[in-house]
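The values are calculated or read from the model by the stated rules, or taken from the named source; none is laboratory data. Note that the structure is a prediction, hence the values are computed from the model and not measured. Every residue, glycine among them, receives a Cβ derived from its backbone with ideal geometry; neighbour counts consider all protein chains shown. Side chains included, ligands, DNA and RNA excluded: accessible areas come from the protein's heavy atoms. Shrake-Rupley method; radii C 1.70, N 1.55, O 1.52, S 1.80 Å.
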Amino acid sequence: MSNISRRTFLKGLGAALVVVAGGTVYRAVDNGVFSVGQGPAYEPWRNWREATGTLALVSAAILAANPHNRQPWLFRVTDNSISVYVDHSRNVGKVDPFYREIRMGVGAALENLMLAAEPNGYQAELTLAPDPDDETYAAEIALTSTTPASSELYEAIPNRRTNRAAYDRSRTVDGSFFEAMTNLNTSEDLEVFWFTTPEEHARFSQATVDATAAFTSDPEQNHDSESFFRTDWQDIQANRDNLTIDAQNLPPVATAFVKILPFEPEGTVAQIFRDNTRDVHCATAAAFGIVATRSDRDLKQHLECGMLYQRIHLWATTQGLAMQPLSQLRERVDREAELGIEPRFTEESAALLGTNEWQGTMPFRIGYPTVDPNLSPRRAVEDVLI
Ligand SMILES: Cc1cc2nc3c(=O)[nH]c(=O)nc-3n(C[C@H](O)[C@H](O)[C@H](O)COP(=O)(O)O)c2cc1C
């Protein structure tokens, strides 16, 4: 099923049903068509409150948003401290040549970890990037005991998901919500930009659609992106990481089709990626946002950016809003810097923000959901301890 066109993909949906009726039910079961979100790979979403002591904070941390679901984090835990590291071996190749995204994923995990401190009876003191000579040493957290108290954002941790389905085109997001999300930022090195008018919507969409075309036309970048996509159910349950078909939230019949038939990610994923970015992700978004950083390469700012993105996403979850990062524009900016090629998207990104003083580090869309998105797998806490 390589290089499948969108039309043949949709036409094939009928065939998927015939295949099921024609005796390939075994393959449907084998590939988890009937067990979405079940099995050990999804347990961390359900048992995250069972851990005790400082491990309870790590159980919350690993449920954070992170690039390509690579889960690029490592934790060293004692009774009164947690050291957090960026695992460079888990970056997404040419999608993330400067480790920007994996640092943001670790930042998102730090946000969950900090939110989990008080509910578990800890007062946490966070130091970001504690060693200027070690770019993998993300944070040191000192823990002392305090009276437990929960919070709305903490309670939202298991309910947050990246929602890649269509959003409800008939609903706009109230202006006061953008203000509330902007106010979640406490760092002078970050700024949140919103794209809410029809003109701003069109400009963000066009830049993202163009960047997606450039991304999928870049053989190395596209290959590295697709190589962190798991299609085999046993493989997902064994490794518990990376992107999955279920997490794409394609329409249910399309998901079953892709899961049942022999699947060649190369080419197929690129086609779906381009079509969905244009026709679903951009076309149905109520609005777009970009979390911007002052610097392009600063570890601390990338961690803070990830923390703020996670905080915004958790807050949006409490309000019944859906979100999805749309990183293609930013990933092309990094690729241009890496290769020293024409800075087309670097200029488009600056034009979108209307300034060269901020770097458009974390672009995303927001809106009201039309479906409950599926879970992404997670590795067990034991697998991310050092
Ligand atoms: C820095 C960063 C970049 C991301 N970029 C994208 C993206 O471009 N498109 C997308 O669909 N999801 C993107 N994501 C979302 C992750 O793929 C998602 O968080 C991960 O697969 C885990 O799924 P979950 O958020 O539902 O737990 C990004 C997340 C982070 C932290």
Theoretical ellipticity at 222 nm over the chain - DSSP helices of four or more residues, -39500 (n - 2.57) apiece, nearest 500: -12500 deg cm²/dmol
Enumerate the calculated ³J(HN,Hα) couplings along segment 272-288 in order (Karplus 6.51 cos²θ - 1.76 cosθ + 1.60, θ = phi - 60°), each rounded to whole Hz, writing x wherever the residue is Gly or Pro. 5, 4, 5, 5, 5, 4, 6, 8, 10, 5, 7, 5, 9, 5, 6, 6, 10
Between segment 89-112 and segment 38-69, what's the alpha-carbon centroid distance in Å? 18
Give me the net charge for the shell around Val92: Cβ to Cβ below 15 angstrom, other residues only, Lys and Arg +1, Asp and Glu -1. -2
Rounded to the nearest Å, the spacing of the alpha-carbon centers of segment 287-360 and segment 198-215 is 14
Among Ala108, Ala56, Ala165, which one shows the biggest mean-square fluctuation in a GNM of the chain, springs joining Cα atoms closer than 10 Å? Ala56
Computed ³J(HN,Hα) along segment 33-39: with the Karplus parameters 6.51/-1.76/1.60, θ = phi - 60°, integer Hz and x for glycine or proline, the list is 4, 9, 10, 3, x, 9, x
If I build a Gaussian network model for the chain, linking alpha-carbon pairs within less than 10 angstrom, which residue out of Ser349, Ser35, Ser376 has the largest mean-square fluctuation? Ser35
Segment Thr172-Ala283, extension gain: residue separation times 0.36 nm, minus the distance between their alpha carbons: 38.6 nm
When a/c is below 1.5 the answer is rounded, else prolate if a/b is larger than b/c, else oblate, so apply that to the chain with a ≥ b ≥ c taken from the square roots of the Cα gyration tensor eigenvalues. oblate
Could you point to the residue in Asn249, Leu308, Pro119 farthest towards the positive end of the chain's charge dipole, with +1 and -1 charges on the Cβ of Lys/Arg and Asp/Glu respectively? Asn249
Could you give the dipole magnitude of segment 42-191 about its Cα centre, charging the beta-carbon of Lys and Arg +1 and that of Asp and Glu -1, in debye to the nearest 20? 840
The percentage of the accessible area of the chain (probe 1.4 Å, all protein chains present) made up of carbon and sulfur atoms, to the nearest whole number, is 49
With 0.36 nm assigned to each residue of separation and the Cα-Cα distance removed, Thr146 to Gln234 gains 27.4 nm
